[in-house]
Each structure stands twice: as structure tokens, then as C-alpha cells.
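Take a look at the structure set out below.
The values are calculated or read from the model by the stated rules, or taken from the named source; none is laboratory data. Just so it is clear, the structure is predicted and the values come from calculations on it, not from any experiment. Here the Cβ positions follow ideal geometry from the backbone for every residue, glycine too, while neighbour counts run over all protein chains shown.
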Amino acid sequence: MTRTIPSHRTLPALAAVLLSALLPLGGCDDTDAPPAPTAADKPQGYVETLLASKDKANATVDAQRLRTLSTYLTVYAVDRNSKFPPSLQDLVEKVDLATREDILTPDGRPLQYVAGQSMHSPGQSVLAYDDQPRYGGKHLVLLVGAEVTTLTPDELQSALAKTRASLAAAPTADE
């Protein structure tokens, strides 16, 4: 049996036949398609929704950065009798994987760091945080227990006060 392949001259005619067969079925007719949405058709708050989505995505990236920092701090502490570094700059100098970008806020400022803690400090103690509230007016905060959370400015101040009180009450290496 011989198969005939349509030539380039018969393809337009074949397409016209197929198209005319589909049009009565509503298969290729543009007249039934809904009109393209206009700015007036977009739901109210569309821009706000997009901005909120962008903020949520940025918050996720920034929280992941703090989780990565937590991993580096743990690597440092495991090799140094469970003690976290005296500064984040010391972390960058001593842990090969850590980079300067790991200790910066999204706008390039250094993260705030509460030195003098160890892996044995209370898990809810503040270890590092962005001192500028960003997402919903909250600060991203890394706790000693490796939890990344968001706190309002008042909650952050309260958590910092508890952290400092815990540090003041902790025995020093000389005791």
C-alpha cells in the first residue's frame, strides 16, 4: 500500500477543509472567546495582592538566609565547645562556607548579633536579627534553638531583654 503525503500545495486546502469542519462545532471560532481582561476587569486589590505575594516571597528568601546562617553557626559551635562565635565576622573568617552576604540584611546592612551564647543557651534566646522591621512591620529573628520567626518591635525588645538577662545570669568560663 502506498501512502501519499500531502504536498506543500495541498496543505492550505486541507487546512481550509478542517477549519470549515470545526467552525460549526464551535472548535475554532474566536467570537465565543471571552474578551481579554482590561485593568478595570481586574479584581480590586490586584496590585496589593501582587505586592503581598512579592513580600511573602522575599520573606521566604530572607528566612532561608537566616536558616543557612543557623547552620553555619552550628558548624562553628560544634568545633568550639558548643560556643557560638564572638561576632558574625569571626564566623565568616572561620567557617569556609559562610560568606559576607550570609551576615547581611536584604538591603546590605549587617545583621544584629547577640554574642556570648552557646548551643546550651535557652532555645528562645535571640541570636541574630534584622533591626529593621520589614514584613508586616515585623523583624526576622533567628533564635538559639535554630528557629526563624518574626517578631513585632515590642516583641523583639522583650525577647532581647530576656536574652540579655539570661546572659547576665549565665556562669562565665572562669566560674
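Among the numbered conditions (1) of a type in the set (Lys, Arg); (2) in contact with a strand residue (DSSP E or B) (Cβ under 6 Å, 6 or more places away or on another chain); (3) modelled with pLDDT of 95 or more, the only one that residue 162 does not meet is (2). Checked against the criterion of being exposed (fewer than 15 other Cβ atoms within 10 Å of the Cβ), of a type in the set (D, E, K, R) and free of Cβ contacts under 8 Å to residues at least 60 places away in the same chain, the candidates 94, 83 yield just one match: 94. For the range 76-98, filtered to residues that are among the aliphatic types (A, V, I, L, M) and assigned to a helix (DSSP H, G or I), the residue that is farthest from residue 59 (Cα to Cα) is 78. The set of residues in the range 130-145 that are over 16 Å from the mean Cα position of the chain (by Cα) and of a type in the set (A, V, I, L, M) comprises 143, 144. If you check 78, 126 for being out of contact with any Pro (no Cβ under 7 Å at 6 or more places or on another chain) and under 26 Å from residue 154 (Cα atoms), only one passes: 126.
May I ask you to say which residue of 91, 104, 127 is under 24 Å from the mean Cα position of the chain (by Cα), at pLDDT 95 or above and among the aliphatic types (A, V, I, L, M)? Full working, then the answer.
On the way: 91 fails: at pLDDT 95 or above; 104 fails: at pLDDT 95 or above.
Matching residue, one of 91, 104, 127: 127.
Within the range 142-175, if we keep just the residues that are free of Cβ contacts under 8 Å to residues at least 24 places away in the same chain and aliphatic (A, V, I, L, M), the residue that is farthest from residue 88 (Cα to Cα) turns out to be 169.
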